[in-house]
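In what follows, a single structure is set out as structure tokens and then discussed.
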Amino acid sequence: MDKKTISALLDQKAGFLNSLSDQIWENPELAFTEHASAHVLIQALEQEGFQVSAPIAGVETAFSGRFGSGKPVIGFLGEFDALSSLNQRAGVSEKAADQPGGCGHGCGHNNLGVGSLAAAIGVKAYLEATGKPGTVIYYGCPGEEGGSGKAFMAREGVFDELDCAFCWHPGTTNAVTSGSSLANYQILYSFTGVSAHAAGAPHLGRSALDAVELMNVGVNFLREHVIPEARMHYAITNSGGLSPNVVQPTADVLYLLRAPVTSQVQEIYERVNDIAKGAALMTGTSVKVKFIKACSNTVLNRVLEEVLFDNMNQIPLPNYTPEDYAFAKAINESVENRAPAFERLIKRAPSEEIIAFLREHEGRDINDFIIPLIHSEQAGGGSTDVGDVSWVCPTAQITTATWASATPGHSWQIVAQGKSPLAHKSTLYAGKVLAGAAIDLLENPELIEQAKAEKCKKLNGASYHCPIPKDVKPTPMGKKM
């Protein structure tokens, strides 16, 4: 069975796959609460003949579906969690929530999980038809947004048997994902003081809110004295109440610390902890530090990137209709502050030829072409728990143009496009590309050995150590931390 036959098989299943994606879109769930979404994907795996294990790694909404036996063992990573406060009606180009304040699939994970499932279905069909040795495993990975579900799974050894892993992400371009991601830690700092009447007896009070504010000031002064690539974000999640005439006895602040590699985040974390202790001393309060989650930087793999790029060019891009272009144009016109197209890519482009290609293709409503392969070790601005998988086994990713070209990340525009023909077509294209790449590895196992050798060389003797302490459990988003 060749890739063309696999693609045709997935085309036949397009209606089924689209319905799964739409069901998940219609039931958006936050990190570690994705019970309905996980059920949709588990049912689909069982229907397609995979051996399902659920839950796994001690995470209620994590699961896997396995088919085949022997080596190599190839994994596909699927996500399905949503984002808070991004409820939005589908198929419209203006902001219109059906449930104001509700959550929505503002990062396209309803598509992501299904595209990876399509790849697993394609590889299963290949193994059945050829009788070749090999195992394909689909991983249902919850809580990517703010939860680092894959890191918790990696900590429990879920990915240890893999020879390699593939993932993808909805986006505005058809491209191999190159460039690392930032490692991060998320920590909750909870201060406790003494309540008092702010006018009658302020001297008796010890303000937890003062402590939070002083901590934030201290961290803002720290920014000058950390590496330029570091990022320190915070949100006051509990200000101690709504009465200004009361000394607030409790206050909480949630921090997200990022840097190019985990060891750098650890160093910043220790310094921020000292600032928190100092704020408590200055205010006569106490502070508790609760580690929420973490994820590692991504270890890139050039061998697998090239396999993915070859398959992106072998498999025909989707056919976009005039209606697809018209809706994309309307979405683009709804974006007030557009990020400069391709500027980050152009900065990393290795040749004038690629820069000229990017300039030539700017300004389209749909990026209906494939971005040239750009290998880069430079860390981007975001973080992903795919990084933890990449420390365990060779891992690579792609993006496909599921959204209009100017679509901003984590936006209502993404939610509006989540059930669109553009999203459906590009999700299926992603599944075909990932399946094709896995088939190349099954037919040429030496590629896997090359990918492993590259990973070992990059790690230079280092091994994976999960940055999440063993006693930390996943924290469902939306619930009190």
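Just how many % of Cα pairs in region 390-481 lie over 18 Å apart, if you round to the nearest whole percent? Value for region 390-481 (Cα pairs over 18 Å): 68 percent. By a 1.4 Å probe calculation restricted to protein chains, LYS458 has an accessible surface near 80 Å², given to the nearest 10. What lysines could a cross-link reach from LYS329, if we take a straight Cα to Cα line under 30 Å and drop same-chain neighbours fewer than 8 places away? Once the sequence-local lysines are set aside, what remains near LYS329 is LYS13, LYS95, LYS347, LYS419, LYS425, LYS432.
Measuring nothing but how far apart in sequence close Cα pairs (under 8 Å, 6+ apart) lie, relative to its length, region 220-364 scores a relative contact order of 13 percent.
Heavy-atom accessible area with a 1.4 Å probe sorts PHE369, PHE16, largest first, into PHE16, PHE369. Once both labels are positioned 7 Å from their Cα atoms along Cα-to-Cβ, the gap between ALA339 and VAL194 label points is 4.9 nm. The mean sequence separation of alpha-carbon pairs under 8 Å and at least six residues apart, normalised by the residue count of the chain, gives a relative contact order of 24 percent. Helical content of the chain, expressed as a calculated mean residue ellipticity at 222 nm, amounts to -12500 deg cm²/dmol (DSSP H runs of 4 or more residues, -39,500 (n - 2.57) each, divided by residue number, nearest 500).
Calculate the tail of P(r) for region 80-189: the fraction of all Cα-Cα distances greater than 22 Å, expressed in %.
Numbers: 2984 of 5995 pairs.
Tail of the P(r) past 22 Å holds 50 percent of the pairs.
Once whole DSSP H runs in the chain are found, which of them have Cα atoms spread over 30 Å or more along the helix axis and a mean Kyte-Doolittle score of at least -1.0? Before the final figure, lay out the partial values.
Working: long enough: 109-130 (32 Å, 0.53); 262-283 (32 Å, -0.22); 421-443 (33 Å, 0.59).
Qualifying helices, which must be both long enough and hydrophobic enough, are 109-130, 262-283, 421-443.
Going by the alpha-carbon gyration tensor, a ≥ b ≥ c the square roots of its eigenvalues, is region 105-152 rounded (a/c under 1.5) or, if a/c is not under 1.5, prolate (a/b greater than b/c) versus oblate? Note, shape of region 105-152 comes out oblate.
Rounded to whole numbers, the Karplus 3J(HN,Hα) couplings from phi for region 403-417 are 10, 4, 5, 9, 4, x, x, 6, 10, 5, 4, 5, 4, 4, 9 Hz, using 6.51 cos²θ - 1.76 cosθ + 1.60 with θ = phi - 60°, and x at Gly and Pro.
For the chain, the convex hull drawn through the C-alpha positions has a volume of 147 cubic angstrom per residue. In loop segments of region 327-366 as defined by DSSP, the GluC sites (Glu not before Pro) with at most 10 further C-beta atoms inside 10 Å of their C-beta are GLU336. Note on LYS13: accessible area approximately 50 square angstrom, rounded to 10, probe 1.4 Å, nucleic acids and ligands left out.
The values are calculated or read from the model by the stated rules, or taken from the named source; none is laboratory data. These numbers come from a predicted model, not from an experiment. Note: ideal-geometry Cβ built from the backbone for every residue, glycine included; neighbour counts use all protein chains shown. When the accessible area is computed, the model is the full protein with side chains, heavy atoms only, and any ligands, DNA or RNA have been set aside. Shrake-Rupley method; radii C 1.70, N 1.55, O 1.52, S 1.80 Å.
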